[in-house]
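Trainee: Structure below; questions to follow.
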Amino acid sequence: MVKSKILITYFTLTGNTKAIAYKLREILNGKGFEVSVKSINEVEEDLKPWSYIILGFPVHAFKPPKKVLNALRRWSIKNKNFILFCTYALTGDRRALSIVETVIKAKGGKVLLSAGIKARSSFLIMLGLRAKFSVKDLEKFIRCILQVVSKK
Ligand SMILES: Cc1cc2nc3c(=O)[nH]c(=O)nc-3n(C[C@H](O)[C@H](O)[C@H](O)COP(=O)(O)O)c2cc1C
């Protein structure tokens with residue numbers, strides 16, 4: 001049986017989004033999926049090997065970081081299945097996600113799901129606190145992921 005391959009790719013500045021990416025890998029591996037995690041800079045133009053791409057990024061000034069939009073411009077995403085998440089401290093999650101959704105759809109990609117996950121402010125992490133995110137939000141996101149991805 002050929003299993004669905006999932007790519008989790010992320011941009012992070014202060015570690016929250018990366019921590020979620022690795023936690024997601026652990027959980028999806030445990031559910032029998034084949035999962036790779038890569039930073040957004042490591043992902044080549046060709047996304048063919050993956051059935052699903054989970055893309056995560058922080059909200060920066062109510063928007064996605066430029067690096068995320070640049071990566072989407074670079075990648076061939078026609079007909080690819082995307083699942084999006086952003087991390088945010090206060091607000092702007094829906095707005096940032098909808099900007100990314102629009103770019104993906106304009107290039108012929110599909111967005112199956114998108115979610116905001118509340119996390120500690122980058123500014124507090126820069127002051128020395130550790131990366132931290134809402135486990136409740138992550139659990140809800142995982143339940144939604146399992147509803148939209150198939151094992152084959
Ligand atoms: C430059 C900058 C701008 C930010 N703007 C927002 C914002 O508009 N809304 C918000 O809720 N959080 C904002 N944040 C907080 C981050 O989105 C949040 O802490 C996120 O989880 C950081 O993810 P990371 O640790 O993966 O970089 C901002 C952080 C930075 C560094």
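The values are calculated or read from the model by the stated rules, or taken from the named source; none is laboratory data. Owing to the predicted nature of the structure, the values given are computational and were not obtained by experimental measurement. No Cβ is skipped: glycine too gets one built from the backbone with ideal geometry, and neighbour counts run over all protein chains shown. Side chains are part of the model used for accessible areas, which takes the heavy atoms of the whole protein and leaves out ligands, DNA and RNA. Shrake-Rupley method; radii C 1.70, N 1.55, O 1.52, S 1.80 Å.
Trainee: With the crude spin-label approximation of a point 7 Å out along Cα→Cβ, what separation in nm comes out for LEU90 versus LYS5?
Mentor: Modelled inter-label distance: 4.2 nm.
Trainee: Based on DSSP H runs of at least 4 residues, each adding -39500 (n - 2.57), what is the mean residue ellipticity at 222 nm of the chain after dividing by all its residues, to the nearest 500 deg cm²/dmol?
Mentor: -11500 deg cm²/dmol
Trainee: Any idea of the accessible area per residue across segment 83-152, 1.4 Å probe, to the nearest Å²?
Mentor: In whole numbers, segment 83-152 has 58 Å² accessible per residue.
Trainee: First select every other residue whose beta carbon is under 15 angstrom from the beta carbon of LEU90; then total the charges, Lys and Arg +1, Asp and Glu -1.
Mentor: My count for the surroundings of LEU90 gives +4.
Trainee: Right, another one. Taking the simple approach of a point 7 Å from Cα along Cα-to-Cβ for both TYR22 and LEU112, what is their distance in nm?
Mentor: 2.5
Trainee: Counting Lys and Arg as +1 and Asp and Glu as -1, each charge on the Cβ, what is the dipole of segment 1-56 about the Cα centre in debye, to the nearest 20?
Mentor: It works out to roughly 260 debye.
Trainee: Determine which residues of segment 110-150 fall in the zone a paramagnetic label at ILE99 would reach in this model, i.e. backbone nitrogen under 17 Å from the point 7 Å along Cα→Cβ.
Mentor: Within reach of a label on ILE99: 115-117, 122.
Trainee: Between ILE142 and GLU34, how many nm apart are label points set 7 Å from Cα along the C-beta direction?
Mentor: It works out to 2.3 nm between the two label points.
Trainee: What net charge is computed for the residues neighbouring LYS38, neighbours being all others with C-beta under 12 Å from the C-beta of LYS38, Lys and Arg scored +1, Asp and Glu -1?
Mentor: It works out to a net charge of 0.
Trainee: May I ask for the net charge around PRO64, where only other residues with Cβ less than 14 Å from the Cβ of PRO64 are counted and Lys, Arg are +1 while Asp, Glu are -1?
Mentor: Taking every other residue near PRO64 into account, the sum is +4.
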